[in-house]
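Below is one structure, written out as structure tokens; the observations come after it.
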Amino acid sequence: MTQLDGIVKPKTKRSKRFLESRAPKLIEDVKNTMIMKGGNTSQTVTTALTDIYSLKKPNAVLYKKKNITRPFEDSTSLEFFSKKSDCSLFLFGSHNKKRPHNFIFGRMFDFHVLDMFELGIEKFISLSQIKTSKFPEGTKPMLIFAGEVFDTDNEYKRLKSLLIDFFRGPTVPAVRLAGLEHVLHFTALEGKIYMRSYRRKSGCRTPRIELEEIGPSFDFVMRRTHLASDDLYKLAHRQPKALKPKKKKNISHDVFGTSFGRVHMQKQDLSKLKTRKMKGLRKRKGEVVNEDQEPKVAKVES
């Protein structure tokens with residue numbers, strides 16, 4: 001590939017296909033995640049990163065080598081790896097005396113950091129510690145968020161949006177009932193965030209609400225945050241006009257999703273309306289009274 005005035009021109013068919021795969025699309029591909037560890041890590045962080053990678057497979061890249069970088073101070077290294085591996089989500093794990101067992105969840109926009117959340121691990125139970133059967137690889141999880149702060153606090157709103165982006169998996173038009181096997185539950189309570197992973201126990205066709213914990217299990221505490229400005233956040237969520245649903249005239253919806261249609265008709269002439277003929281509605285024979293003349297009153301003999 002040659003570069004001329006900032007435009008990369010492919011020389012071979014292979015490089016052309018590669019550039020076409022990286023080009024913007026109306027319907028983007030599934031978001032990939034890069035998972036890496038910093039210069040200093042603990043065994044807890046290493047095991048936790050591996051378990052998160054097992055939840056994200058096959059849409060994730062795990063870097064096993066250490067990367068000496070500090071995302072909150074300099075994010076150029078993360079942006080470089082993001083562009084190299086075509087990943088718009090990242091998870092960075094580190095450990096030091098000031099911030100032990102540290103996770104940084106983040107996402108990119110145009111290969112630049114959009115927002116980041118630093119969460120400290122206070123309690124961790126790995127997948128291997130819970131001896132139960134697991135779900136198949138690539139299973140789309142069902143996400144549940146509990147806690148009032150996820151709807152009221154601005155930072156927790158952004159964190160909820162990031163976690164949905166991180167764990168949602170591929171976008172599908174429909175979900176098979178038998179495929180609802182994996183549940184990720186996030187609870188925000190008293191300044192802590194609890195993440196639990198469950199598997200549906202029932203094997204019948206209609207799923208029952210019977211879950212068993214399979215791991216991994218996390219107790220997080222929020223530390224530092226890096227939020228994008230409102231204008232940049234709005235720009236990142238902008239959709240192309242071709243994907244926006246066309247507004248249909250005279251159709252409205254209520255809060256329950258019921259559709260209501262309005263039909264426009266011409267003004268009806270009720271005199272020409274054909275009704276059922278009844279004897280009581282027949283016109284009686286009699287004198288026609290003009291509007292100017294007064295009606296004649298019958299004389300009554302006394």
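The values are calculated or read from the model by the stated rules, or taken from the named source; none is laboratory data. Predicted model, so just to flag it, every value in this text is computed and none were measured. Every residue, glycine among them, receives a Cβ derived from its backbone with ideal geometry; neighbour counts consider all protein chains shown. With ligands, DNA and RNA removed, areas are computed over all heavy atoms of the protein, side chains included. Shrake-Rupley method; radii C 1.70, N 1.55, O 1.52, S 1.80 Å.
Against the condition more than 30 Å from Phe124 (Cβ to Cβ) and open to solvent by 80 Å² or more (accessible area, probe 1.4 Å), how does Asp254 come out, does it pass? Taking the combined requirement at face value, the residue does not satisfy it. Taking region 31-61 as the range and being open to solvent by 60 Å² or more (accessible area, probe 1.4 Å) and either polar (S, T, N, Q) or closer than 20 Å to Lys97 by Cβ (or both) as the test, the residues that pass are Asn40, Gln43, Thr50. For Lys64, the conditions (1) within 28 Å of the chain's Cα centre (by Cα); (2) under 26 Å from Pro216 (Cα atoms); (3) open to solvent by 40 Å² or more (accessible area, probe 1.4 Å) all hold with the exception of (1). Residues in region 181-198: is at least one assigned to a loop (DSSP other than H, G, I, E, B), more than 24 Å from Ala228 (Cα to Cα) and either in contact with a helix residue (DSSP H, G or I) (Cβ under 7 Å, 6 or more places away or on another chain) or of a type in the set (A, V, I, L, M) (or both)? Looking for residues that are assigned to a loop (DSSP other than H, G, I, E, B), more than 24 Å from Ala228 (Cα to Cα) and either in contact with a helix residue (DSSP H, G or I) (Cβ under 7 Å, 6 or more places away or on another chain) or of a type in the set (A, V, I, L, M) (or both), one finds none in region 181-198, hence no.
On the stretch given as region 67-80, residues that are out of contact with any helix residue (DSSP H, G or I) (no Cβ under 6 Å at 6 or more places or on another chain) and buried (at least 18 other Cβ atoms within 10 Å of the Cβ) total 2. Confirm whether Glu122 is without any contact (Cβ under 8 Å) to a residue 24 or more places away in the chain and either open to solvent by 10 Å² or more (accessible area, probe 1.4 Å) or farther than 16 Å from Gln43 by Cα (or both). No; evaluated as a whole, the condition is false for this residue.
Scanning region 141-156 finds no residues that are surrounded by 14 or more Cβ atoms within 10 Å (Cβ to Cβ), β-branched (Val, Ile, Thr), at pLDDT 90 or above and in a strand (DSSP E or B). Output the residue which, of all residues in region 83-110 that are outside any strand (DSSP E or B), modelled with pLDDT of 90 or more and not basic (Lys, Arg), is surrounded by the most Cβ atoms within 10 Å (Cβ to Cβ). Per the criteria, the residue is His101. Among the numbered conditions (1) touching a residue at least 12 places away in the same chain (Cβ under 8 Å); (2) within 22 Å of Asp115 (Cα to Cα), the only one that Gln239 does not meet is (1).
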